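The structure appears right after this line, and notes come after that.
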Amino acid sequence: MFLTRGFHIVKPPKPRVTVIMAGCRRVVAFPSAAELGPSLASLVTSRAEKAISSRGRFTLGLSGGSLVSTLSKELLALPQLDCSKWVFAFCDERLVSFDDPESTYGLYKKNLFSKVNVPDSGILSIDPSLAVAECAEDYCRKLVHAFPGETIPVFDLLLLGMGPDGHTCSLFPGHPLLEETEKIVAPISDSPKPPPQRVTMTFPTVNAARCVAFVSTGGSKAPILKEVLEGGEGPALPAARVAPQNGELFWLVDDPAAASLTLHVERPGSGAKL
C-alpha cells in the first residue's frame, strides 16, 4: 500500500513518459477556434454527467491562457448548467495575488465561478500568500483531502494548453521537473516564462487522469503541434509526454494549428459530441 507524505508519493508506479502513438489518442480539428468551442463544452459536460452518475461528483483540472475565455463562454451558453457537484482545481498556477491579471484563479473567478452554482468547497486553489515551496505543500494537502484514499489524485478531466515551446502546465523543456516522480504537485521558482514562481501538477498526476484534453489553436502553433504529435529529432517535448495510463487523450485543434499535420485528423464539424 502506498502512502502520501506531505506532497511526496512513496514508491509510486513509474509514469509513462514516451511519446504516444496516434492510435492511443484522438486529434480532432475544427475550421476555427470559435467552432471548436461548442465541442469543448460538450466534452466537459458529457464527462461530467458520466462522472456524477458513477461517482457522485465531477473533478476538473483547469489551465489558463485563451482557454479561460473559451471555456467560460461556452459553458455559460449551455442551458441549465449545474456545477453544484463539480470540483475545480488548477493544473498549474502562477504565484501572484488573485487580483493580479496573471492569476488563473482570478480569471476564472471573474469569467466563470462567479456566474455558476459551484460552492466554495468545490474550488481548490493555491494560497498565494505563502512562499512557493509552502504553497505547493499546501495545495497538495488540499488535493489529498479532496481525493481520499488515492495515492495520486485521479481527475475525471484535465484541460491543458500548450505553449510555443511545447510546454504544458508549468512543465518546460529541459527542466528537472520533467523527471519528477515523487511529487503530485511541485513548486517551480525558475520558470522561463514569467512570472517565475508557480505551482504545477507533475506528470504522475497528469497521466493518472481519466481524460485529458489539449486545446491548441492558431497558425503560430502549427510547427510545435507537428513536432509534439508526429515527433522530432530531440527529446520529447513536455506536451508529448502526456499519456494517460488508463484514460482518454484528446487534442482539440483548429485548422490553422493543424495545417502541417500528416497524421490522421478527425473533422467532425462544430458542436460534435466527443
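The values are calculated or read from the model by the stated rules, or taken from the named source; none is laboratory data. Please read these numbers as outputs of a predicted model, since none were measured by experiment. So basically every Cβ, Gly included, is an ideal-geometry build from the backbone, and we count neighbours across all protein chains shown. For accessibility, only protein heavy atoms count, side chains too; no ligands or nucleic acids. Shrake-Rupley method; radii C 1.70, N 1.55, O 1.52, S 1.80 Å.
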Per residue of the range 253-258, what does 6.51 cos²θ - 1.76 cosθ + 1.60 with θ = phi - 60° give for ³J(HN,Hα)? Whole Hz please, x for Gly and Pro, Karplus curve as stated. 9, 9, 4, x, 5, 8
Under a crude label model (7 Å from the Cα following the beta-carbon direction), how far is Lys273 from Ser69 in nanometres? 3.1 nm
Solvent-accessible area, 1.4 Å probe, carbon plus sulfur percent, for the chain: 54 percent
Which order do the peptides 171-179, 261-269, 103-111 take when ranked by the mean count of other beta-carbon atoms within 10 Å per residue, highest first? 103-111, 171-179, 261-269
Note down the nm distance, to one decimal, between modelled labels 7 Å out along Cα→Cβ at His145 and at Glu230. 4.8 nm
Any residue on another chain or 5+ positions along whose placed amide H is under 5 Å from the amide H of Glu248 is listed here as Cys211, Val212
Helix check for the chain. Which DSSP H runs span at least 15 Å along their own axis by Cα, with a mean Kyte-Doolittle hydropathy no less than 0.0? 33-55
Which residues' amide hydrogens lie under 5 Å from the amide hydrogen of Cys83, considering only partners 5 or more residues apart or on another chain, with H built in the peptide plane? Asn117
Rounded to whole Å², per residue accessible area for the chain with a 1.4 Å probe reads 44 Å²
Once fully extended, how much extra length lies between Leu76 and Glu134, figured as 0.36 nm per residue of separation less the alpha-carbon to alpha-carbon distance? 17.4 nm
Value at 222 nm in deg cm²/dmol, rounded to 500, when DSSP H runs of n ≥ 4 in the chain each add -39,500 (n - 2.57): -7500 deg cm²/dmol
Using 0.36 nm times the number of residues separating Arg26 and Asn117, minus their current alpha carbon distance, what extension gain do you get? 29.6 nm
Mind checking the full-extension length gain between Asp190 and Phe98? Use 0.36 nm per residue of separation minus the Cα-Cα distance, one decimal, nm. 31.1 nm
Taking θ as phi - 60°, what are the ³J(HN,Hα) couplings along the range 93-103 by the Karplus curve (6.51, -1.76, 1.60), each to the nearest whole Hz, with x for Gly and Pro? 8, 7, 7, 9, 5, 5, 8, 6, x, 7, 6
Size descriptor, Kirkwood hydrodynamic radius, that averages inverse alpha-carbon separations across the chain, Å: 18.7 Å
